[in-house]
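Here is the structure we will look at.
The values are calculated or read from the model by the stated rules, or taken from the named source; none is laboratory data. A quick note: this is a predicted structure, and the numbers were derived from the prediction, not measured. Using ideal geometry, Cβ is built from the backbone for each residue, glycine included, and neighbour counts are taken over all protein chains shown.
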């Protein structure tokens, strides 16, 4: 009974968070979504991706090149878009890592102040477990495939999903991988993380790219160490 109440409350809370998420910046989100879909639909024949993945064909076949293509599309549509990379060191409590995502500086409806929006192109995949209970799997299906939103909604979702992942693995008596724990997950989008120690944050602003440059790694930006 207690277990059922927990999952019902988590589902209700997630739906409430997502409802607030959808209401804020809906018009901006629609424009960004069109650019994402436009980048996904672009077909480039007989092109070899020059990043370390070395895949052939559409830019969406390589996650790294797809992110660059999305930034290019956004810049072409007049958005202030940038490609960001978060890096953090290994500690006794969690492994080190690196994560790349997109940021757009936009004005939401009724606001003159610029608001940073984070774009995660494969948001659901960030929370998937190799083995999970059916209740946790249902929460995954409620998440947007592409997250386009503010820090408070991102952090609220991360807290809820990481707690649910811990509950799911405990129910099945299996170990929760360190890369699915809350501290590690928050570091992925560290520009929005209040715990910024051990963080190096690189931000690369991309302008219009040629087809050739699209498949070439961007020039390295100087690392900015955040205390």
Legend entry - Failed condition for residue 24, given (1) touching a strand residue (DSSP E or B) at 6+ places or on another chain (Cβ under 9 Å); (2) modelled with pLDDT of 60 or more; (3) more than 28 Å from residue 154 (Cα to Cα): (3)
Inset, instruction - Considering only region 116-129, state which residues are surrounded by fewer than 16 Cβ atoms within 10 Å (Cβ to Cβ) and touching a residue at least 40 places away in the same chain (Cβ under 8 Å). - result: 116, 122
Inset, instruction - Considering only residues that are touching a strand residue (DSSP E or B) at 6+ places or on another chain (Cβ under 7 Å) and not in a helix (DSSP H, G or I), look in region 147-186 and name the one that is nearest to residue 74 (Cα to Cα). - result: 148
Legend entry - Verdict on residue 105 being assigned to a strand (DSSP E or B), more than 15 Å from the chain's Cα centre (by Cα) and either over 22 Å from residue 160 (Cα atoms) or at pLDDT 90 or above (or both): yes
Inset, instruction - Only one of these is surrounded by fewer than 18 Cβ atoms within 10 Å (Cβ to Cβ), under 19 Å from residue 17 (Cβ atoms) and either at pLDDT below 90 or within 20 Å of the chain's Cα centre (by Cα) (or both): 166, 112, 138. Name it. - result: 138
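Any idea which residue in region 123-135 is nearest to residue 4 (Cα to Cα), counting only those that are under 19 Å from the mean Cα position of the chain (by Cα) and in a helix (DSSP H, G or I)?
Kept after step one, since they are under 19 Å from the mean Cα position of the chain (by Cα), are these residues of region 123-135: 123-129.
From the residues that got through so far, the ones that are in a helix (DSSP H, G or I) too are 124-127.
Numbers: 124: 23, 125: 25, 126: 25, 127: 21 Å.
Out of the qualifying residues, it is 127.
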Legend entry - Checking residue 93 against (1) buried (at least 16 other Cβ atoms within 10 Å of the Cβ); (2) part of a loop (DSSP other than H, G, I, E, B); (3) modelled with pLDDT under 90, the condition it does not meet: (1)
